[in-house]
Amino acid sequence: MDNGDWERGRHHEHHLLSIRNAALRTAAAGPMGVLIMDIVGHLALGFATVFTWSNLLSCLLGVVAGQLIGVLPGIGPAAGIALLLPLTFGGDPIASTIMFAGIYYGAQYGGTMTSVLVNIPGESSTVMTSLDGHQLAKQGRAGAALGIAAIGSFIAGVLGTIGLLLAAPLLARSALAFGPPEYCMLVLLGLAALGLVSGSLIKGLMMGALGLLIATIGVDPQIGSTRFTFDQIWLLDGFEFLMVAVALFGVGEVLASVGRSEPPAQIVTKLRNMYPTRSDWAQSRFAILRGTVVGFLVGVLPGAGATIASFFAYAIEKRVSKTPERFGKGAIEGVAGPEAANNAASAGAMVPMFALGLPGSNSTAIMLGALIMFGLRPGPQLFQTNPELVWGIIASMFVGNLVLLILNLPLAGLSAQLLRVPYKFLYPTILALCIAGVYSQSNSLDDLYAMVAFGALGYFMKRYDYPAAPLVLGLVLEPLLENSLRQSLTLSFGSVDIFVTRPISLAILLLVTAAVLVPTALHLAYVVRTRRAREADVK
C-alpha cells in the first residue's frame, strides 16, 4: 500500500467517524433535539438567502408598498400584488415572492391608520380596530392607539412566523379536517357572537341579519340566477364591502358629526399621549398574546382569513374583560387584540399555501398563482425541492416585521398630528377620500349613489345606537356561509344530520348555542334582579 492509498484510507475512516459521531449526537438529542437542529439549520439557510442586497431591497419595497396600500381604501393587498405581478415575470422568484409577502403583511399595518384617524376601515380586517381606535383618537390618544397597534402587530407577526416554521405540517393536517360543515358552523359562531361586539344582543343580531340579506343581492354563485336586483343591471355585482364600510363608518360619521347641535370639540394631541404608556401596555399585553393565538389558528384554515380572526379576537377580549362597558368607547385592548389577530392570520395563511398548495386568503391565492407562474409547485414537496425559497420567505418575515415596527413607531406620533386639522377642513377631506376609494374600485357612479344611501343609513344607525360592525361583518361572511351550507347539504343529500354527526361540527354547533343562550340568560337574570330590587325599594 503506497502513501496515497494510506492517506485516502485515513480520510475515509475519519469521514465515517464524523458520520458516526453526528449520528450519536442526534440520537442523544432525541426527537425534540433533532427538530430544533433541523429548524436552526433551515433558518440559517433562510437568513443567508435574505441577507443579499436584492432580497433585502425586495423586502423593504414590499413592506413600504404594503403600508401605502393599506392606507388607501379600495386597493388592498390582493389587488396590490396582482398589479405588481406582471412586472415580476421572468424575474427572480425568491425576491419577487419576498416582496409579495411584504405587501401582504405590511398592508395590515397600513390599514390601521385610516381606521384610527378617520374611522374608515379600508380592509374588512380593520373594521374591529376602528371601533375603539377612533374613539381613542377622539380622546386625543391616536398616537397611543397607533403605537400599540404597531407593537402588537410586530409581536404577532414575529410569533406568527415562529408558529409558521414550527407547526406548519401539524396545523396543515388539522386544517384538512375542516370541511364545508365545519366552515358553516364556524361562520355561524361568528354571527352568533355579534352581540358581544355590539353590546346589545338583539341589535347586533338584527344588524348581522341585515348584512346577510344585503349580501344576497346580485347573482346566485351556484346556479347563476339573479336575486333581488329588480331588473337593475348595476345590482348584478351586489354591494361591495368597501362601499358599504366606507359609507357606514366614513360618510355616516361625518353626517352624524355635522348633524349635532354643537360641533365636536377639536381634538388636541399632547406630547405625552403620542405613544402608549405603561398602563396601556399592561392592559394590552395579554390581549396581544390572545389575539396572536386566535389569529394564527384561524389564519391556518383556508378561506377563513384575517376578518374572522380580528372579529373573534375582539369578541374574546370583550368577554374576558372585567370592564366590558369600556369597549366601543376607547378600550386600548380593543385595538391591540384585533391588530395582533389580523397580522398573525397573515402568517397563518402561509401554512396551507406552503404545506398543501391551498390559498388561505385572496392574497395568498395570488401568491400561489405567482409561484406557479415561476414554474414552482406549491405543496409538501416545495420544502424539499426549493428550501431556499420557503425558508427565505419565512426569514424575510422576521426582517420585514422589524422594519415595519421601526417605520410605524415614529409615524404614530406624526400621524396623530393630523387630528389637529380643523374639522371644516377635515370633513371634506374625509368625504373626498371616501369618494375616491369607492370610485377607484368600480369606476361606477352607481356605487357613489349607493354610498350616499348607505351613508344616510349609517347616520340613522349612529343616531339610534345601532352598531355598524355587525352589518359589515354579515356582508363579508355571507358568501362563505352560503357556499359552505350548500356544499354541506349537497354532501348529505339534503340532510342536516351532517352538522351533528361530525365531531368538530357538533362541537362548534354547541358553542354557537352557548353564544346565543348564555348572554340571553345573563340578560334575563339581570332584568329579574333589577325588577326585584325596584320592588323591594317600593315596599
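The values are calculated or read from the model by the stated rules, or taken from the named source; none is laboratory data. Quick caveat, the model's predicted, so the values are computed rather than measured. Glycine also receives a Cβ, built like all others from the backbone with ideal geometry; neighbour counts cover every protein chain displayed. Accessible surface is based on the protein model in full, side chains and every heavy atom, while ligands, DNA and RNA are left aside. Shrake-Rupley method; radii C 1.70, N 1.55, O 1.52, S 1.80 Å.
Identify all residues within the range 110-141 that are at pLDDT 80 or above, polar (S, T, N, Q) and open to solvent by 10 Å² or more (accessible area, probe 1.4 Å); write none if there are none.
Result: 135, 139.
Identify, from the list 370, 336, the residue that is modelled with pLDDT under 80, among the small types (Gly, Ala, Ser) and in a helix (DSSP H, G or I). Working first, answer last.
Values: 336 fails: modelled with pLDDT under 80.
Sole residue among the options that is modelled with pLDDT under 80, among the small types (Gly, Ala, Ser) and in a helix (DSSP H, G or I): 370.
Does residue 213 count as more than 19 Å from the chain's Cα centre (by Cα) and modelled with pLDDT of 80 or more?
yes
Taking only pairs six or more apart or across chains, which ones have beta-carbon atoms under 6 Å, a first residue in the range 511-538 that is closer than 19 Å to residue 202 by Cα and modelled with pLDDT of 75 or more, and a second residue that is open to solvent by less than 50 Å² (accessible area, probe 1.4 Å) and of a type in the set (Gly, Ala, Ser)?
From residues that are closer than 19 Å to residue 202 by Cα and modelled with pLDDT of 75 or more, the pairs are 512/192.
Since residue 73 meets every condition but one in (1) surrounded by 24 or more Cβ atoms within 10 Å (Cβ to Cβ); (2) modelled with pLDDT of 75 or more, which condition does it not meet?
Unmet for residue 73, out of (1) surrounded by 24 or more Cβ atoms within 10 Å (Cβ to Cβ); (2) modelled with pLDDT of 75 or more: (2).
When only residues in the range 196-210 that are at pLDDT 80 or above and out of contact with any Phe, Trp or Tyr (no Cβ under 7 Å at 6 or more places or on another chain) count, which is surrounded by the most Cβ atoms within 10 Å (Cβ to Cβ)?
208
For residue 351, are the conditions met, namely being in a helix (DSSP H, G or I), modelled with pLDDT of 80 or more and touching a Leu at 6+ places or on another chain (Cβ under 8 Å)?
no
If you check residue 247 against the conditions, is it modelled with pLDDT of 75 or more, surrounded by 15 or more Cβ atoms within 10 Å (Cβ to Cβ) and either touching a His at 6+ places or on another chain (Cβ under 6 Å) or over 27 Å from residue 140 (Cα atoms) (or both)?
No.
Could you pull out the residue among 144, 107, 149 that is buried (at least 24 other Cβ atoms within 10 Å of the Cβ) and more than 18 Å from the chain's Cα centre (by Cα)?
Matching residue, one of 144, 107, 149: 144.
Out of 288, 308, report the one residue that is closer than 30 Å to residue 216 by Cβ, in a helix (DSSP H, G or I) and either open to solvent by 30 Å² or more (accessible area, probe 1.4 Å) or modelled with pLDDT of 75 or more (or both).
Answer to the selection: 308.
If we keep just the residues of the range 429-446 that are among the aliphatic types (A, V, I, L, M) and either surrounded by fewer than 20 Cβ atoms within 10 Å (Cβ to Cβ) or within 23 Å of the chain's Cα centre (by Cα) (or both), which is modelled with the lowest pLDDT?
Among them, the one singled out is 433.
Taking residue 319 as the residue in question, decide whether it is touching a residue at least 60 places away in the same chain (Cβ under 8 Å), open to solvent by 10 Å² or more (accessible area, probe 1.4 Å) and basic (Lys, Arg).
So residue 319 fits the description; yes.
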